[in-house]
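The values are calculated or read from the model by the stated rules, or taken from the named source; none is laboratory data. Note that the structure is a prediction, hence the values are computed from the model and not measured. Cβ placement follows ideal geometry from the backbone for every residue including glycine, while neighbour counts extend to all protein chains displayed.
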Amino acid sequence: MSSDPMHLPVVLHTRRAVLRDGALVVVGLGIGCGAKLPPAADDSAETTVPPPDTAADGTADPCAVVPEVGAPGWMPVMLEDHPILAEVGGSVTLDLDGLSLILAQPSEGCFVALSRVCTHQGCTVEYRDGRFICPCHGAAFSIDGSVQAGPTPIPLPSYPAAEDERIVWVHTG
């Protein structure tokens, strides 16, 4: 094979392959240069429990919201008007303060509100089995809006929500 750059073969890669192979090259270079991998975590040690207002990954826990009833930006949603929302696993779609939202109760007393507009190509997101799913291309989002499955790397906008005396309050801005 010629070492002349004008005669080298052209190889096209997908973005996913470049990211995958690039990560392998970085790891391989580190090991090849004498770098040592960090020690494996000791599974026998006690794990630290995050405070109740944070999720396991250290981000804010969407279920630990305290509504500021009557404060600007907090919009009421009456449970009597949306009885399905009173059930664990229930959800409703609504337009609230100019926003197209899905309001859901993924676990007892935990209310979350996310945009219904997928960040990939604007399809309408649905709430199914504890996740927010875009039926157009399969994007999946967790209850805090973070991406669980692509094609989009962009999370869904989320809005704090919590119940107080049979009213779910959603902070829209």
Worksheet, complete the sentence: Note: among Pro135, Pro157, just one is at pLDDT 95 or above, surrounded by fewer than 19 Cβ atoms within 10 Å (Cβ to Cβ), within 17 Å of the chain's Cα centre (by Cα) and not small (Gly, Ala, Ser), namely Pro157
Practice prompt. Run Arg16 past the list (1) modelled with pLDDT under 90; (2) under 18 Å from the mean Cα position of the chain (by Cα); (3) among the basic types (Lys, Arg) and report the number of the one that doesn't hold.
Written response: (2)
Worksheet entry | Sole residue being in contact (Cβ under 8 Å) with a residue 24 or more places away in the chain and farther than 18 Å from Ala162 by Cα, chosen from Val65, Val112, Val77, Val125 | Val125
Discussion item. Here is a list: Pro153, Pro76, Pro135, Pro83. Which entry is under 20 Å from Gly173 (Cβ atoms) and not hydrophobic (A, V, I, L, M, F, W, C)?
Written reply: Pro76
Item to complete: Identify, from the list Gln105, Gln121, Gln148, the residue that is in a strand (DSSP E or B) and modelled with pLDDT under 95.
Response: Gln148
Fill in: segment 67-86: number of residues that are in a loop (DSSP other than H, G, I, E, B), modelled with pLDDT of 90 or more and within 12 Å of Phe111 (Cβ to Cβ)
1
Worksheet item: Is one or more of the residues making up segment 92-101 at pLDDT 95 or above, under 17 Å from the mean Cα position of the chain (by Cα) and either within 17 Å of Ile143 (Cα to Cα) or outside any helix (DSSP H, G or I) (or both)?
Response: yes
